[in-house]
Amino acid sequence: GQNIDQPTEMTATEGAIVQINCTYQTSGFNGLFWYQQHAGEAPTFLSYNVLDGLEEKGRFSSFLSRSKGYSYLLLKELQMKDSASYLCAVRDPPSNTGKLIFGQGTTLQVKP
Amino acid sequence: EAGVTQFPSHSVIEKGQTVTLRCDPISGHDNLYWYRRVMGKEIKFLLHFVKESKQDESGMPNNRFLAERTGGTYSTLKVQPAELEDSGVYFCASSQDLTDTEAFFGQGTRLTVV
């Protein structure tokens, strides 16, 4: 079956660092995505990992270990505007249409 | 460049009525996906178009849902007749290639069936 797990909620302090974990068990794999979604808005792309290792993009970094079925999103120097839902999603291989399989999302609340 | 746009942003209908959701993908994007998020659950795949052809509709809940993409441009998703459990947020996403490192999402249509 397809299963993607991430914590439901997290709270962190402005200026701090937070790590959001995601574990997955899927029948196929063609990359892992992280999206940010503010309430009532479109999910917006944050990062993409297809090979093992760390991808850094400004204050955001994402890590992937394919052998462990594990990823994390690291947010540094947290700002109040980072309060949002963070979605982990695995992409099916192109032979299977390339659709995304999502976790439930992690709601991050940043406090002053 | 315009992003993925969806209409309407909100819709409230009575059980048994018909609703049609529309998605305009980014111009030139052959791949168009419909997803749905019901309350408390994860976003789930509904179907995938490549141009005007349905590549995968394995996620469609039942035959009350009909998706079309005439001419390979915009897409519509019709729910007829709507049931209470159809309430949720319907998202559309588009990409140029299946191997694109990013799929662009619309803001979603919040459907409430009462």
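Computed from point charges on the beta carbon alone (+1 for Lys and Arg, -1 for Asp and Glu), the dipole magnitude for chain B about its Cα centre is near 400 Debye.
For chain B, the relative contact order works out to 37 percent when only alpha carbon pairs closer than 8 Å and six or more residues apart are counted.
Where the only charges are on Cβ atoms (+1 Lys, Arg; -1 Asp, Glu), what is the dipole of the protein assembly as shown about its Cα centre, to the nearest 20 debye?
300
A straight Cα-to-Cα reach below 26 Å connects B:Lys41 with the lysines A:Lys68, A:Lys81, A:Lys99, A:Lys111, B:Lys15, B:Lys54, B:Lys78, residues fewer than 8 places away in its own chain not being considered. For chain A, a crude dipole built from +1 on the beta carbon of Lys and Arg and -1 on the beta carbon of Asp and Glu, taken about the Cα centre, is about 120 debye to the nearest 20. Simple spin-label estimate for B:Lys51 and A:Thr44 gives 3.4 nm between the two label positions (7 Å along the Cα-to-Cβ direction from each Cα).
The residue list A:Gly53, B:Gln107, B:Ala82 was ranked by how far each Cα lies along the charge dipole of the protein assembly as shown toward its positive end, using unit charges on Cβ atoms, and B:Ala82 comes out on top.
Legend: mean number of C-beta atoms from other chains within 10 angstrom of residue C-beta atoms, peptide A:41-51, equals 4. Just to verify a number: FRET efficiency for A:Leu54 and B:Asp97, C-beta to C-beta distance, R0 = 25 Å, to 0.05? Efficiency, from the Cβ-Cβ distance: 0.50. Label-to-label distance, B:Tyr74 versus A:Thr13, with points set 7 angstrom from Cα along the beta-carbon direction: 5.0 nm.
Taking other Cβ atoms within 10 Å as a rough exposure proxy, A:Phe63, A:Phe102 sort from fewest to most as A:Phe63, A:Phe102. Annotation: amide H-H contacts under 5 Å for B:Val12 (H modelled 1.01 Å from N, sequence separation of 5 or more, or interchain): B:Thr112. Within the listed set B:Thr101, B:Thr20, B:Thr70, the residue fluctuating most in the Gaussian network model of chain B (springs between alpha-carbon atoms under 10 angstrom) is B:Thr101.
Inter-chain Cβ neighbour count for A:97-109, averaged per residue, equals 5 (cutoff 10 Å, partner chain atoms only). Of the residues A:Glu41, A:Glu55, A:Glu14, the one that moves most in a GNM of chain A with alpha-carbon contacts below 10 Å is A:Glu41. For chain A, the relative contact order is 36 percent, taking Cα pairs closer than 8 Å that sit 6 or more residues apart in sequence and dividing their mean separation by the residue count.
Laboratory data are not the source of any read-out in this text; all were calculated from the coordinates shown. None of these values were measured; they are calculated from a predicted model. Heads up, the Cβs are rebuilt from the backbone with ideal geometry, glycines too, and the neighbour counts pull from every protein chain shown.
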